[in-house]
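Below: one structure, written as structure tokens.
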Amino acid sequence: MSFDDTYLHSRATRAIPKKSPFHFVGQMTFLNANGKSQAMEYNSLLEYHVAICSRYRPDVVNVEEQIAPIMVRHGTVRATPYWFDLRLTHRNGQRTAISVKPQRKAERHVFHAKMEAVTRVATMETANRVCVATERNVDPIELANAKLFHAARHPDPYMDDQVTSALDALTKPMQIREFLDACGIGSTGFWSVIRLIRSGAAKVLAAERITPRTIITHGENS
């Protein structure tokens, strides 16, 4: 695994604090469509969870944070700026703007009214659709697997080729650890299997948290 110290810096247009006594703030880097490390900052634990789950969905190719604001008039004489926490770009070119909010705030009538005004402007200027993400939208299994995909994001060409060749010879569904033992690779090939699952070359047979006991078979892209 390599560390890219020439990563692309955050694209946020709104300042995100480097540290806070009240919020979970930080930065992660993911590989963009060109295989380059792209930094992304987050201003809360919920933002981090929504961002990493979104980035590792099969139909998402890019995630941006705190994109340029739109000007929205809601309950005031003058329009005021509104920043979306995230914007997703999908494989089909469509873009989804996301406002990340705790459920208790998202349920408030005043927030619903504000988001109606925001949506009217946003769908004309910055995205094809708008949605609100709360902690109820974060599936624990999806989150655990997204973190696994993220940890395995850097390729290992030699090991990846070995595991790919072994997968081509797989004749029946098998646990990951059994598959790696049977082909003589062992546990060092686990991260390569995770990359194959992420790419679609391998397929898991159950909607579960991926572990060495997870059963895999050939995927649609194999």
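Below 8 Å, C-alpha to C-alpha, sequence gap of six or more: please give me the relative contact order for the chain in percent. Spell out each step's value before the answer.
Working: 371 pairs, mean separation 31.8, N = 222.
Rounded, it is 14 percent for the chain.
Report, in whole Å, the centroid distance computed from the Cα atoms of segment 93-152 and segment 184-222.
Centre-to-centre (Cα) distance: 29 Å.
Give, as a single signed number, the net charge of other residues whose beta carbon lies under 14 Å from the beta carbon of ALA152, with Lys and Arg counted +1 and Asp and Glu -1.
Values: positive: ARG55, LYS147, ARG153, ARG195, ARG198; negative: ASP156, ASP160.
In short, +3.
Can you tell me the accessible area per residue over the chain, all protein chains present, probe 1.4 angstrom, in square angstrom?
Values: 12710 Å² over 222 residues.
Value for the chain: 57 Å² per residue.
Taking the alpha-carbon centroid of each part, what is the distance from segment 41-58 to segment 61-77 in angstrom?
When both Cα centres are located, 18 Å separates them.
Want the number for GLU116 to LEU45: 0.36 nm per residue separation, take away the alpha-carbon distance, what's left? Kindly include the intermediate steps, with their values, before the conclusion.
Working: separation 71, 0.36 × 71 = 25.56 nm, distance 2.56 nm.
Between GLU116 and LEU45, full extension yields an extra 23.0 nm.
Tell me, in nm to one decimal, what length is gained between ASN34 and GLU107 on full extension, where the rule is 0.36 nm per residue of separation less the Cα-Cα distance? All intermediate terms of the calculation are to be shown ahead of the outcome.
Working: separation 73, 0.36 × 73 = 26.28 nm, distance 3.90 nm.
Computed gain between ASN34 and GLU107 is 22.4 nm.
Report D for the chain in µm² per second (integer): Stokes-Einstein, Kirkwood Rh on Cα pairs, 4 °C, 1.567 mPa s.
Working: Rh = 19.4 Å.
Rounded to a whole number, D works out at 67 µm²/s.
How large a share of the accessible area of segment 143-222, in percent, is made up of carbon and sulfur atoms when the probe is 1.4 Å and the other protein chains stay in place? Let's see the in-between values first.
On the way: 2270 of 4340 Å².
Carbon plus sulfur share of accessible area: 52 percent.
Please report the base-10 log of the normalised intensity I(q)/I(0) for segment 109-165, using a Debye sum with one equal scatterer per alpha carbon and no solvent, at each q in 0.17, 0.23 (1/Å).
-0.77, -0.93
Among the lysines, select those whose C-alpha is under 22 Å from the C-alpha of LYS203, and discard any that sit fewer than 8 residues away in the same chain.
Here the lysines satisfying the reach criterion relative to LYS203 are LYS147, LYS172.
Using a Förster radius of 22 Å, what is the FRET efficiency between VAL77 and SER20 based on their Cβ-Cβ separation? Nearest 0.05, please. Numbers along the way, then the final one.
Numbers: r = 33 Å, r/R0 = 1.49.
FRET efficiency, VAL77 to SER20: 0.10.
Which of the peptides 93-102, 13-22 is most tightly packed, and how do the rest follow, judged by the mean count of other Cβ atoms within 10 Å per residue?
Working: 93-102: 18.0, 13-22: 10.3.
The packing order, highest mean first, is 93-102, 13-22.
The values are calculated or read from the model by the stated rules, or taken from the named source; none is laboratory data. These numbers were taken from a predicted model, which means no experiment stands behind them. Note that each Cβ is placed from the backbone with ideal geometry, even for glycine, and that neighbours are counted across all protein chains shown. Ligands, DNA and RNA are excluded from the accessible area calculation, which covers all protein heavy atoms including side chains. Shrake-Rupley method; radii C 1.70, N 1.55, O 1.52, S 1.80 Å.
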